[in-house]
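Notes follow once the structure below has been shown.
The values are calculated or read from the model by the stated rules, or taken from the named source; none is laboratory data. Being a predicted model, the structure only gives us computed values, none of them experimental. Cβ placement follows ideal geometry from the backbone for every residue including glycine, while neighbour counts extend to all protein chains displayed. Surface accessibility is based on the protein's heavy atoms, side chains included, excluding ligands, DNA and RNA. Shrake-Rupley method; radii C 1.70, N 1.55, O 1.52, S 1.80 Å.
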Amino acid sequence: MSTDIEEASAPLVVKLGGSRLDDLDDAWWDDLAAHGRARPLVLVHGWSKPLKQLDARHRDPAAILRDRYGNQSRWTTPAVIEDILLVSTQLAAEIRDRLGRRGVGVERVIGSAGLLQAGAAERWWWRDKQLVELENLVGPIVGVRREALPDPVPGRALLVTPLAGNQAGQVVNTDADRAAAALAAALAAAELILVTDVAHLLIDGEPVHRINAQNAARFRDKGALGGMRKKLRACGEALDGGVARVVIGSAPVSELLAGRTGTVITPT
């Protein structure tokens, strides 16, 4: 077994970006499975690319909203929730097959089935450069019911679909990176890995290999754009919740954990 894969009791939480799932090769899955056999593994998946491929309306720029802070969100209606459930079920089957063939079972947990609790959504959104009031079935994670998640054990990965339930009893869309951060904190995970389509965090066009939480937050608020702003917010929330380090990158998990690539974000 690779020296980068150690027996550990604390779970490893890995967020699989929805734009990356089609691009991960057999070697990447071999590496992930080796971790899943050696230690408890919790996966949180995105669905951005499969959802866009499902229907042209999900590729419409008007389907993307921005709140008053500049954070981007998909305009989520009950029909969009149904489509998310459809593509996430297909993704879960693919992940179960890939890991199952490598000796790791997969148990799926839908976050809205009592695991993830969401707060109220914004009411006013920027859409096509106009500020409009509309209902958007989204919400930030405000709680994790740990008892709703089976105990992760080596050899059986837990796969979380990051939908959540709000106080009105609705199923809502929530940011997968921030959901992964909340789960990592609730599980007392040592590491959170955000697998995305960029190799590193870039500041002024230069790759950043290591950065502390304070400097990452400063860049998030003054220089980061789009999805990276949300990722950095998730990193801060994970570290505030007791996670020792977060790594952002596009490489195999062993490479990211070893710091040979990607960006490592630590509390200090």
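Scanning region 113-128 for residues that are of a type outside the set (A, V, I, L, M, F, W, C) and closer than 13 Å to Gln167 by Cβ, which turns out most open to solvent (accessible area, probe 1.4 Å)?
Of the residues in region 113-128, the ones of a type outside the set (A, V, I, L, M, F, W, C) are 114, 117, 119, 122-123, 127-128.
Of the ones still in play, those that are also closer than 13 Å to Gln167 by Cβ are 117, 119.
Details: Gln117: 80, Gly119: 16 Å².
Of everything passing the filter in region 113-128, Gln117 is most open to solvent (accessible area, probe 1.4 Å).
Scanning region 60-106 for residues that are basic (Lys, Arg) and touching a residue at least 40 places away in the same chain (Cβ under 8 Å), which turns out nearest to Leu43 (Cα to Cα)? I'd like the intermediate steps shown before the answer.
Taking region 60-106 as the starting set, the residues that turn out to be basic (Lys, Arg) are 66, 68, 74, 96, 98, 101-102.
Imposing the further condition that a residue be touching a residue at least 40 places away in the same chain (Cβ under 8 Å) reduces the set to 66, 68, 74, 96, 98, 102.
On the way: Arg66: 27, Arg68: 31, Arg74: 22, Arg96: 11, Arg98: 13, Arg102: 16 Å.
Ranking the qualifying residues of region 60-106, first place goes to Arg96.
If the requirement is being acidic (Asp, Glu), over 27 Å from Leu149 (Cα atoms), surrounded by fewer than 16 Cβ atoms within 10 Å (Cβ to Cβ) and at pLDDT below 95, which of these qualifies: Asp55, Asp67? Write out each step before concluding.
Working: Asp67 fails: surrounded by fewer than 16 Cβ atoms within 10 Å (Cβ to Cβ).
Within the list Asp55, Asp67, the selection yields Asp55.
Being modelled with pLDDT under 95, closer than 16 Å to Val14 by Cα and among the acidic types (Asp, Glu) is the filter here; which residues of region 212-265 pass it?
Listed by number, the list is empty, since nothing qualifies.
Can you tell me which condition Arg108 does not meet? The list is (1) in a helix (DSSP H, G or I); (2) charged (D, E, K, R); (3) within 25 Å of Glu147 (Cα to Cα), and all the others hold.
Going through the list (1) in a helix (DSSP H, G or I); (2) charged (D, E, K, R); (3) within 25 Å of Glu147 (Cα to Cα), Arg108 breaks only (1).
Go through (1) more than 16 Å from the chain's Cα centre (by Cα); (2) open to solvent by 20 Å² or more (accessible area, probe 1.4 Å) and name the single condition Ser254 misses.
Only one criterion in (1) more than 16 Å from the chain's Cα centre (by Cα); (2) open to solvent by 20 Å² or more (accessible area, probe 1.4 Å) is unmet by Ser254, namely (2).
Hey, any hits in region 77-89 for a residue that's touching a Pro at 6+ places or on another chain (Cβ under 7 Å) and farther than 21 Å from Leu192 by Cα?
So in region 77-89, the residues touching a Pro at 6+ places or on another chain (Cβ under 7 Å) come out as 87.
Narrowing the set further to residues that are farther than 21 Å from Leu192 by Cα leaves 87.
So far as region 77-89 goes, yes, one or more of its residues are touching a Pro at 6+ places or on another chain (Cβ under 7 Å) and farther than 21 Å from Leu192 by Cα.
So, of the residues in region 234-251 that are part of a strand (DSSP E or B) and open to solvent by less than 40 Å² (accessible area, probe 1.4 Å), which turns out to be farthest from Trp28 (Cα to Cα)? Spell out how you get there, then give the answer.
Of the residues in region 234-251, the ones part of a strand (DSSP E or B) are 245-249.
Filter once more, keeping what is open to solvent by less than 40 Å² (accessible area, probe 1.4 Å): 246-249.
Working: Val246: 19, Val247: 16, Ile248: 15, Gly249: 13 Å.
Of everything passing the filter in region 234-251, Val246 is farthest from Trp28 (Cα to Cα).
Could you tell me how many of the residues in region 180-233 are within 22 Å of Asn71 (Cα to Cα), in a loop (DSSP other than H, G, I, E, B) and open to solvent by less than 30 Å² (accessible area, probe 1.4 Å)?
Counting residues in region 180-233 that are within 22 Å of Asn71 (Cα to Cα), in a loop (DSSP other than H, G, I, E, B) and open to solvent by less than 30 Å² (accessible area, probe 1.4 Å) gives 2.
Restricting to region 70-105, give me the number of residues that are open to solvent by 30 Å² or more (accessible area, probe 1.4 Å) and assigned to a helix (DSSP H, G or I).
Matching residues across region 70-105 total 13.
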